[in-house]
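Visitor: Dropping a structure here in structure tokens format, bear with me for questions.
All of the numbers you see were taken from the coordinates with simple rules; none came from a lab. Values in this document were obtained by computation on a predicted structure and should not be read as measured data. Counting neighbours? That spans all protein chains shown, and the Cβs are built from the backbone with ideal geometry, glycine included.
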Ligand SMILES: [Zn+2]
């Protein structure tokens, strides 16, 4: 098992635990949590914080019939159907939370070419922001760029290096507008990452940054 | 950097976190586990009476409509009943468990899509190194009560806006008129302070 070196920011984790992340960003967080015990521990603590926050609320009265309705519903409860087979496990390079969004192993997805060496797959996340899978060929590099909001990347396969360090399978790049970087894929295989942004138009600019140097030739 | 607002001036009045309401000594984790074991409806009613009105209050704050909130509370309560068998008091704490379940229920309804979660049904893992040890959760939960009261107002404020209003960093930044980086800095400081409190002190 490889060691995870780059983790989620506390601010991102708290936003996830409080339910204030977009689904696109939350997907990346959940994927990292599914493989990282350190971050999972922190997320657990922030859910304890959620429990304490819940406890401090001023209770809102429920209607008089609420309890009776609930007890009636219990009477209707059927014992759960015995499930014969366990849910199919995802391939080793697909974190479990991502498996609900794609129906095939990574290599069998309908990758859309963006430019030579660059391909992507859209993921159907509701709400603002977007999430995609990006595949970048070995030796390819993205132009130096900053970010206009929050951007989360999780490496699923391969690796890249940038000004911050080296990012390999399981690692998270949790970036905001304070960071400028120029990722270069340094693995012999293509680098596949799950990327999410929290603004409506940000992916356009992300893809633009990738394509720009190529169309400039 | 953001001195103008740091002293809690008049531009953005800081809403204090509500204090702990009553001294409630009920061990909800034990009670929930006992309910799962025995199927005792009286225990379920006890959980309902305590958590039902809290869940309603929480969901309304997050933005669930008045017309559906009771239905979602009811669904949450039924889920608690059904899933109680998977609740392990050695590895989970009832308040956090119920909070998470209600959070997901509210978000799933509001966004018409499941909030991505990391603990998937049917994939119960063995505890790994680095994860919280049995019983430790309950200690942290206990310390949390005091720790929360120790947060400076501007840190309590971002916690409040995250948990009670479901606001993203960018929304908090816009509402408070401070840079995105400052919102994140405040949340990091608050997290570090809380963690320090329950890891450092006895
Ligand atoms: Zn991590």
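Visitor: Kirkwood hydrodynamic radius, computed over distinct alpha-carbon pairs, for segment A:90-144: how many Å, to one decimal?
Guide: Mean inverse Cα-Cα distance, inverted, gives 12.7 Å.
Visitor: Still on this model: Determine, from the Cβ-Cβ distance of residue B:46 and residue A:104 and an R0 of 41 Å, the FRET efficiency 1/(1 + (r/R0)^6), rounded to the nearest 0.05.
Guide: 0.30
Visitor: Going by how many other beta carbons lie within 10 Å of each one, how would you line up B:100, B:117, fewest first?
Guide: B:117, B:100
Visitor: On full extension of the chain, what length is gained from residue A:122 through residue A:63, given 0.36 nm per residue of separation minus the C-alpha to C-alpha distance?
Guide: Between residue A:122 and residue A:63, full extension yields an extra 16.9 nm.
Visitor: Please work out the FRET efficiency for the pair residue A:3 and residue B:150, using the Cβ-Cβ distance as r and a Förster radius of 45 Å; give the result to the nearest 0.05.
Guide: Once rounded, the FRET efficiency stands at 0.85.
Visitor: Give the order of B:19, B:76 when sorted by the count of other beta carbons within 10 angstrom, beginning with the fewest.
Guide: B:19, B:76
Visitor: If we count other beta carbons within 10 Å of each Cβ, what is the order of A:28, A:94, fewest first?
Guide: Listing A:28, A:94 from fewest to most nearby Cβ atoms yields A:94, A:28.
Visitor: Averaged across the residues of A:68-79, what count of C-beta atoms belonging to other chains lies within 10 Å of each residue's C-beta?
Guide: Going residue by residue through A:68-79 and averaging, the value is 3.
Visitor: Convex hull volume of the Cα atoms in segment A:1-66, per residue, in Å³?
Guide: It is 119 Å³ per residue.
Visitor: Apply the a/c threshold of 1.5 to the C-alpha gyration tensor of segment B:21-124 and tell me whether it is rounded, prolate or oblate.
Guide: Taking the square roots of the gyration eigenvalues as a ≥ b ≥ c, segment B:21-124 is oblate.
Visitor: Report the equivalent ellipsoid semi-axes for segment B:133-202 in whole Å, largest first, defined as the square roots of five times the eigenvalues of the gyration tensor built from alpha carbon atoms.
Guide: The three semi-axes for segment B:133-202 are 26, 12, 10 Å.
Visitor: Once you have the Cα-Cα distance between residue B:27 and residue B:175, take 0.36 nm times their residue separation minus that, and quote the gain in nm to one decimal.
Guide: Contour length minus the Cα-Cα distance gives 49.5 nm.
Visitor: Right, something else. How well do other chains shield peptide A:35-45, expressed as the mean number of their Cβ atoms within 10 Å of each residue Cβ?
Guide: Per residue, the number of nearby Cβ atoms from other chains is 5 on average.
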